[in-house]
Amino acid sequence: MGQLIKNKVIEDIKRIIRKDISVWIEDEEIDNRIDWIDLDSKKIVNGIKEKLGNIGNFDNVVLLGMGGSSLAPLVFTTLFPKNKDIFVLDTINPDQIKFVHNKIYGQRNIFIVSSKSGTTLETKILYNYFKENFKDDTFIFITDYSTLLDKEAKENNSIVFNPNPNVGGRYSAFTEFGLVPAFLAGVNIEKISQQYEEIKETLIDFIEKNFPEFFDIINVEKEFYYLFFKYNSNDFVLGLWLEQLIAESTGKNGKGILPVIFNHQSFNSFINKHECLGSLDLQKFTQDLPKWMYVWFIYTALISSYLQVNPFNQPDVQLSKDVTNQVMSKDDLKVEEYYEIIDNFENLIYNSLEYLRNIDDCRYVAIQFYSSYDYFDFVEGFRNKIVENLNKVVVWGFGPRYLHSIGQLYKGGIREAAFIQVVVEPQNTMSNISKAFISQAVGDLLTMKKLERKIKGFYVKTKN
C-alpha cells in the first residue's frame, strides 16, 4: 500500500476524532449520533458507582433489552471476570423466558430494563412479565431522558440512568447501556474506562501497530463485501456485537458489509475472494478488548464513509415493526397461512436445501431461527450442511435478536440473497407472549416479501 493512500486513511480517522461530520454523506441526523467518539467515561463510571454503591445484596442480574442495549453487556460479562450470575434476555421466546424464570425463582434478583427509546416491544413485554412475577425484586432502568419508560420509573422512585442521548444504540458500549449491567455483574468497569480513555489518545499508533488490515478499507469500491470472523468458544459473543455494529451501520441503500461468524473449515474456500475484505480471528480482539471495540467503532464509521452510507441510522427497521403491529392486532393468527408446517428437523434441512437449490443469483443465505437458545448447536450444523451442499456463504441469527442487528442489512442491503425463516413451536404456553413472538416472525416474513426478498418460512411442530 502506498504511503499516500495510508496517509489519506489516517487523515480521515483524524477527521472522525475531530467530529468533522463532512467525512460522511450529508444527513442532519449524524450530528446527533457521534458523542461516542469522546465520552467522559470516568464521569460515567463515577455516576454508576454513586447510584449503585449501596444497592444491597442480591444473587442474580437479569438484563432485559435488545440490540445495542444487550450485546455490549453480553460481551463484557462473558469475556471479563465477574462475581455474579447475569442472564441477558434479548428474546421473547417463551421457552427462554421460562428457563430464566426457573433459574432465578426464589432468589434475590436485580432486573435491568434497558431501552434507548423506552418503547422497544420485546423489552416492554419482558418488563411486564417479570414485574408481574417478581414483584419484590429490584428494577433498575436505562433509557433516554423523558421517554415513557423514564417517566414510569421516576414515578415509582426507581433508580434510572439517562445516558447521553447523542449516542446510537450500537455505539453505546461505553455508556451506561454497556457499563451498568457489567458493574452489577461484578466486572471491573474502571478497567474498561481506562482502556477507552487510553485508546482515544493512542488510536492511530495502535492501529498501525496491531491492525494493518485497517488501511485496506479505502479500497472498497463495490456495493457488497464479506468480512469473516472466526470464533473459538466464548468469543462468539464478540462476533454478535461486531455483526450488529457492522451490518446495521453499512447495510442500506442497496449496499453493505456482511459479517460472517464461523468456526467450520468449509468456510475457508470463500476467504480471499474478490468480495472478501478479510478473515480475522476473534480471539485477537479479546486482549485489550475495550480498545479494540473503539477501533471497530472507527473502522465501521470510516468504511461507511467510503461506502457513502450513514452509519448511524437504520431506515428499514421501522417497516418490520409496523407490519408486526398489524399482525399482532389480528384476533386469530394461523401459522399455516404463512409457513410450511413440518414435524421434524430432518425434513426442515431437506426442504430448505430443495428450496435453495432453485434460487439463482444468490450471494449469501441467511437463516432466521425463532426458538430458544438451546438450538445453537443445531443451527450451526444446519448452516454447515447448506455450505457443504450448495457452496454458499451462510449466516444465521436467533429471532427476534437479529431484527435489532443484521436485520437492517437483510432489508436494506443487496437483493441477491436467499432467506430461510424457521419458527420452532414453543413448549411453554404464554398466550400473549407466544402471540407476540410468532407475530414478530410473521411480521418480518411479510416485510421481506414486501421488499421482494427471496424467503421461505417453516414452522416446526414440536407438540403432538
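What follows is calculated from the coordinates using simple rules that are stated; it is not laboratory data. For clarity, every value in this text was computed on a predicted model and none was experimentally measured. Cβ coordinates were reconstructed from backbone atoms using ideal geometry, including for glycine residues, and neighbour counts include every protein chain displayed.
As an exercise, find the ratio Rg/Rh for segment 304-399 from alpha-carbon atoms, using the Kirkwood inverse-distance average for Rh.
Working: Rg = 16.8 Å, Rh = 16.4 Å.
So for segment 304-399, dividing Rg by the Kirkwood Rh gives 1.03.
Mean residue ellipticity, 222 nm, helices only, the chain: the sum of -39500 (n - 2.57) across DSSP H runs of n ≥ 4, divided by residue count and rounded to 500, is -13500 deg cm²/dmol. Here, P(r) means the percent of Cα pairs in each 10 Å bin from 0 to the largest distance; for segment 317-460 it is 11, 45, 36, 8, 0. The peptide list 102-108, 328-334, 144-150, put in order of mean Cβ contacts within 10 Å with the highest first, becomes 144-150, 102-108, 328-334. When each of the peptides 417-423, 67-73, 49-55 is scored by how many other beta carbons lie within 10 Å of its residues on average, the order from highest to lowest is 67-73, 417-423, 49-55.
When the Cα atoms of segment 13-72 are aligned to their principal axes, the ranges along those axes come out at 49, 25, 19 Å in descending order.
Remark: L445, L258, L356 ranked as L356, L445, L258, counting other beta-carbon atoms within 10 Å and listing the fewest first.
Structure note, pairs K131/K291; K43/K154; K98/K154; K255/K454; K392/K450; K82/K209: Cα-Cα distances above 26 angstrom occur for K131/K291; K98/K154; K82/K209. Under 16 Å of direct C-alpha separation, and excluding same-chain neighbours fewer than eight residues apart, K252 reaches these aspartates and glutamates: E26, D27, E29, E221, E223, E243, D316, E416, E452. Annotation: the residues T143, T202, sorted from fewest to most other C-beta atoms within 10 Å of their own C-beta, follow the order T202, T143. Ranked by the mean number of other Cβ atoms within 10 Å of their residues, highest first, the peptides 243-249, 16-22, 84-90 fall in the order 243-249, 84-90, 16-22.
Counting other beta carbons within 10 Å of each residue's own, what order do R415, R33 fall into, fewest first? Write down the numbers at each step before the final one.
On the way: R415 11, R33 20.
Listed from fewest to most nearby Cβ atoms, that is R415, R33.
Note on K461 and N32: their simple-model spin labels are 5.0 nm apart, each label 7 Å out from Cα toward Cβ.
Taking the Kirkwood radius as Rh and the Cα radius of gyration as Rg, the chain has a ratio of Rg/Rh equal to 0.95.
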